[in-house]
1. I'd like the full set of residues that are away from the ligand (no atom under 15 Å from the Cβ) and either touching a residue at least 60 places away in the same chain (Cβ under 8 Å) or not in a strand (DSSP E or B) (or both), limited to segment 32-44.
2. Please enumerate the residues belonging to segment 276-291 that are among the small types (Gly, Ala, Ser) and out of contact with any Leu (no Cβ under 8 Å at 6 or more places or on another chain).
3. Please go through segment 105-131 and give me each residue that is buried (at least 24 other Cβ atoms within 10 Å of the Cβ), away from the ligand (no atom under 16 Å from the Cβ) and part of a loop (DSSP other than H, G, I, E, B), ordered by number.
4. So is Glu152 modelled with pLDDT of 95 or more and of a type in the set (D, E, K, R) or not?
5. Based on this model, can you work out whether Lys72 counts as closer than 24 Å to Phe140 by Cα, without any contact (Cβ under 8 Å) to a residue 40 or more places away in the chain, more than 16 Å from the ligand (Cβ to nearest atom) and part of a helix (DSSP H, G or I)?
6. Among the listed residues Lys181, Lys237, Lys190, Lys176, which satisfies the condition of being within 23 Å of Leu308 (Cα to Cα), in contact (Cβ under 8 Å) with a residue 40 or more places away in the chain and either in contact with a helix residue (DSSP H, G or I) (Cβ under 8 Å, 6 or more places away or on another chain) or not in a loop (DSSP other than H, G, I, E, B) (or both)?
7. Given the criterion within 15 Å of the ligand (Cβ to nearest atom), more than 23 Å from Asp139 (Cα to Cα) and not aliphatic (A, V, I, L, M), identify the matching residue among Thr84, Thr89.
Amino acid sequence: MKTISILHTGGTIASKVSKKGGVEAQYTAKEILDLYPEIKELANIRSRLVANILSENMNFSHYNLIAKEIKKEIAEGVDGIIITHGTDTLHYTSAALSFILENLPISVILVGAQRSSDRGSTDASLNLVSAVNFINKADFAEVAVCMHATMEDTHCSILPASKTKKLHTSRRDAFKSINAKPYAFVYHDKGIDLLRKDFRKVNKKAKLNLKLFNPKIKVGILKTHPNMSAEEISFYKNFHGLILEGTGMGHAPIEKIDKFTSENKKILNEIKKLAKKIPVVMASQCIFGRINMNVYAPGRKLQEIGVLGNLADMTAETAFIKLVWLLSNYKKPDIKDLMSENLRGEISDRTSAEFLEDDFNK
Ligand code: ASP
C-alpha cells in the first residue's frame, strides 16, 4: 500500500456543529480519520493538523506554513499528500501552492467539503476517498483539487490547481475547471478516467524547491463597475500591486463621452499614475474566456498606460496569487514578462479551444 499524508487545515471538512451554535472547525486529525475508516484500508495514512481555521481567514503566512509541512512530509518519503481545507478560499490556496512548490516529486491534492463531517449528507467522504484512489492509481506529481463532479455521489473531478474556482455557495459540485479540462474523473468504484496527459509524473528523486510568499506584500483586487469613482483607484497608491477586475475582455470606464462621463477621465489618469508605480494587472469579471485588450480602442489605451494581463485567461483569484508570488520572488523589471508567461498551467495555450463550463466539467 502507498503511504499518504493527510494534512488538515480546518474548514467545513474538519467541522461540526458547535455548542455555541453554527458550524466550527474543531475536529482533531484523529477524529477526522476515525469518521472515514475506509481510507485506512486503501493506504497507509499519516495524518496531522497544521491549522484549524475556516478558510476565509487564510493568509500568505498560512500558505508558507502548509508548504513547509508538505516539504517535511516529502522528506519522510511519502507517496502523496492530501490537504484538507475550507472551500471558500481553497482555489486561492491551490494556486498559491502550485506556485510555491517547484519541482514537486509527488502529488498534492486539496480536498474540502460543503457539508460538515458530522452530517449524514457530508460530501467529505467521497472527496477524501477519491483523492486517495487518485494518488494510488495515477502517476501524477502536480497540485490539484479533488471535489464532487456532479451533485450525485458518483465521481469526483481532479481540477488544475490554478484554473479552478468555487462557483456555487453550497452545492457539492461547486468547484469547476475554468478555461481548462479537469485532469481526471475518479469514480466511486475506484476507476479513473484520465482526461489529460500534460502533467508532471511522479519522480521521488526530484528535489522540491520552495518559493515562498512574502506576507508583507499588499496587493488589492478591485472590480470596475458602473458609476465608478477615481478615488477607488487612488486608494491603492501605497500597495505593491493591483488586480483590476474589469468587465468583458478587460475593460474599465475610462472614456469621457458625454456630460455624464467626466469622472472617467479622472479614472484613466489614476490608473495611469498607479501603473507607473506598481504592477496593475487586468483580469475579467467574466468567469470564462480570455482578456483581450486589442479589440476595443479603450483596451489599447489601457495597455498603452501600462496595464498588464493582456491575452491571459487566468481567473482574477489566480492573477492575484500569481502577482503576489512574483512580487515575493522576482525583481520588478521581470514581473511584466513573467505575468504573461505560463509558469504553472495558469495560462492556457491560445491555440487550444476556448473552454466552456458545460463542455468539460461533467
Ligand atoms: N467557510 C468555510 C471555509 O472555507 C466553508 C467550507 O469549508 O466549506 O472554511
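1. Leu33, Asp34, Leu35, Tyr36, Pro37, Glu38, Ile39, Lys40, Glu41, Leu42, Ala43
2. Ser284, Gly289
3. Ile106
4. No; evaluated as a whole, the condition is false for this residue.
5. Judged against the criteria, Lys72 is a match.
6. From the options Lys181, Lys237, Lys190, Lys176, the qualifying one is Lys237.
7. The match here is Thr89.
Condition check ((1) within 16 Å of the ligand (Cβ to nearest atom); (2) surrounded by fewer than 22 Cβ atoms within 10 Å (Cβ to Cβ)) across all residues:
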site: Ser5; (1), (2): no, no
site: Lys19; (1), (2): no, yes
site: Val23; (1), (2): yes, yes
site: Ser47; (1), (2): no, yes
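The values are calculated or read from the model by the stated rules, or taken from the named source; none is laboratory data. Here the structure is a predicted model, which means the values were calculated and not measured. Note: ideal-geometry Cβ built from the backbone for every residue, glycine included; neighbour counts use all protein chains shown.
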